[in-house]
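Take a look at the structure set out below.
All of the numbers you see were taken from the coordinates with simple rules; none came from a lab. Keep in mind the model is a prediction, meaning the values are calculated, not measured. Please note: Cβ atoms are built from the backbone with ideal geometry, for glycine as well, and neighbour counts cover all protein chains shown.
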Amino acid sequence: MEKTSLIKRITSLKKERKAIILAHVYQRDEIQKIADFTGDSLGLSKIAATTTSKVIVFCGVRFMAETASILNPDKIVLLPEKRAGCALADTITLERLKEEKREYPDAAVVSYVNSSASIKAESDICCTSANAVEVVNSLKEKKVLFVPDKNLGRFVASKTDKEIILWDGFCYVHHYGIKPEHIELAKKNHPLAKVMVHPECQPEVTKMADYVGSTAQMARYAFKESSKEFIVGTENGIIYNLKTHNPDKMFYPASEEAICKDMKMITLEKVALALENMQYEVKVPEEIAVRAKKALDKMLEVKVK
Ligand code: 13P
Ligand code: SF4
């Protein structure tokens, strides 16, 4: 089916199913265009909680759809591509986390939301890249087992007095896709641009940036900053979103290699099929969901400036 017919089909199915479409800012431009809301993973989960729609088509990756389902157990959360996962989330298993907990019995476990529901369930508290420092500082324990992203963990360690025990996980898009030489070249090509990067990037990259923040924080920074040009160090899908909200500003990807293949698995065809066949429902077993929700709720109580 061609693009305009597909979009028509999605619009009519959406009405029929009384559904809403949520899209992460790393999604393809055409998916962000048809979405009712776009945003970061946590922001989208919060929208899922306030919507009256029973059916939520979550255009993102599995851990995001799981989080939306855990926070909204009475809603139907559909992930249009069941293989859309996260290489970072896959760097830790429940067994390995349990071993690590035995090794550091006095450490609190903080899991980045980019993790599976069973990892969240085994954690004391969750965090996002927007609130990780505040979450770690909110704990009474001096020692923190931070999983699974070592770059975000290192970033937090540089901003807290707590002892951070790192897990050796990373996101290939940020760790390998955005290197210091990419930033150097982008700065040479755009000398007036501000550099903003995600804390999942290597420390060698974050130290070259004017601003380090989550996807939502970067969007706010770009909106508020008087600068008219920005070099963007995160998954390149965000450029569409930044341009849409700041039409008078210029955004340059730090690297053409910063593409998350799982995020790009979702297409208009798959969104139409998700609505047509009500596929693929993401449901976390109740016993895991209840414990994971505790860690997420605890995070949501932490105040962030
Ligand atoms: P956000 O939590 O900012 O949505 O980022 C998710 C992600 O996958 C970062 O790589
Ligand atoms: Fe996971 Fe990295 Fe893709 Fe984000 S960009 S979903 S952390 S693989």
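For segment 183-288, give the magnitude of the charge dipole about the Cα centre (Cβ charges: +1 Lys/Arg, -1 Asp/Glu; no others), in debye to the nearest 20.
560
For D168 and N137, what does the FRET efficiency come to when R0 = 22 Å and r is the distance between their Cβ atoms, rounded to the nearest 0.05?
0.40
Could you work out how much longer the chain between E16 and E204 gets when fully extended? Use 0.36 nm per residue separation minus the Cα distance between them, nm to one decimal.
Contour length minus Cα-Cα distance gives 62.7 nm.
Non-local amide H neighbours of C127 (under 5 Å, H modeled in plane, Pro and chain starts lacking H): which ones?
Correct list: S111, Y112, V113.
Among S255, S227, rank each residue by its count of other Cβ atoms within 10 Å, from fewest to most, as a rough exposure measure.
Neighbour counts put them in this order, fewest first: S227, S255.
When the convex hull of the Cα atoms of the chain is projected onto a plane and the area is averaged over all directions, what value comes out in nm²?
15.6
Choose one of C260, M299, V282: the residue whose Cα lies farthest towards the positive end of the charge dipole of segment 239-304 (beta-carbon charges +1 Lys, Arg; -1 Asp, Glu; about the Cα centre).
Projecting each Cα onto the dipole axis, the largest value belongs to M299.
Where in the chain lies the longest segment free of GluC sites (Glu not before Pro) that are both loop residues by DSSP (not H, G, I, E, B) and have at most 10 other Cβ atoms within 10 Å?
3-255
Gain in length, Y252 to K33, computed as 0.36 nm per residue apart minus the alpha-carbon separation, to one decimal in nm?
76.9 nm
Can you tally the net charge around L185? Count Lys and Arg as +1, Asp and Glu as -1, for every other residue whose Cβ sits under 14 Å from the Cβ of L185.
Local net charge: -1.
Work out the length of the dipole vector of the chain about its Cα centre, built from +1 on the beta-carbon of each Lys and Arg and -1 on the beta-carbon of each Asp and Glu, and round it to the nearest 20 debye.
780
May I ask you to derive the FRET efficiency for T93 and K224 from their Cβ-Cβ distance with R0 = 51 Å, giving the value to the nearest 0.05?
Working from the Cβ atoms, E equals 0.80.
So what is the calculated 222 nm ellipticity per residue for the chain, using -39500 (n - 2.57) for each DSSP H run with n of 4 or more, over all residues, to the nearest 500 deg cm²/dmol?
Here the helix-only value at 222 nm equals -12000 deg cm²/dmol.
What residues have an amide H closer than 5 Å to that of W167, excluding those fewer than 5 places away on the same chain, when H is modeled at 1.01 Å from N in the peptide plane?
F146
From the square roots a ≥ b ≥ c of the eigenvalues of the alpha-carbon gyration tensor of segment 1-150, which class results: rounded (a/c under 1.5), prolate (a/b over b/c), or oblate?
In terms of gyration-tensor shape, prolate.
Which pairs in the list K187/K249; K207/K264; K150/K179; K188/K264; K142/K298 are over 25 Å apart, alpha-carbon to alpha-carbon?
Those over the limit are K207/K264; K188/K264.
In nm, to one decimal, how far is the modelled label at K3 from the one at Q279, with both set 7 Å along Cα→Cβ?
The answer from the label model is 2.5 nm.
Can you run phi through the Karplus equation (6.51, -1.76, 1.60; θ = phi - 60°) for segment 280-296 and list ³J(HN,Hα) in whole Hz, with x for Gly and Pro?
Rounded to whole hertz, the list is 9, 5, 9, 9, 9, x, 3, 4, 6, 4, 5, 6, 5, 5, 4, 5, 6.
Once phi is turned into ³J(HN,Hα) by the Karplus curve 6.51 cos²θ - 1.76 cosθ + 1.60 with θ = phi - 60°, what whole-Hz value does each residue of segment 234-246 show in order, with x for glycine and proline?
7, 4, 6, x, 5, 4, 4, 5, 5, 5, 4, 8, 9
Which whole-Hz couplings ³J(HN,Hα) result when phi for each residue of segment 261-272 is put into the Karplus expression 6.51 cos²θ - 1.76 cosθ + 1.60, θ = phi - 60°, listed in order with x for Gly and Pro?
5, 5, 4, 7, 5, 7, 10, 4, 4, 5, 5, 4
With both bridge residues required to lie in the chain, what share of the DSSP beta bridges run antiparallel, to the nearest 5%?
5
Only counting other Cβ atoms within 10 Å, I'd like T38, T4 sorted with the fewest neighbours first.
With the fewest neighbours first, T38, T4 line up as T4, T38.
What is the set of long-range amide H partners of M250 at a cut-off below 5 Å, with H atoms built 1.01 Å from backbone N?
Those lying under 5 Å, H to H, from M250 are E229, F230.
Give me T11, T50 ranked fewest to most by other Cβ atoms within 10 Å of their Cβ, as a rough exposure proxy.
T50, T11
Return the FRET efficiency for the residue pair K54, K188: r is the Cβ-Cβ distance, R0 is 35 Å, and the value is rounded to the nearest 0.05.
The calculated FRET efficiency here is 0.10.
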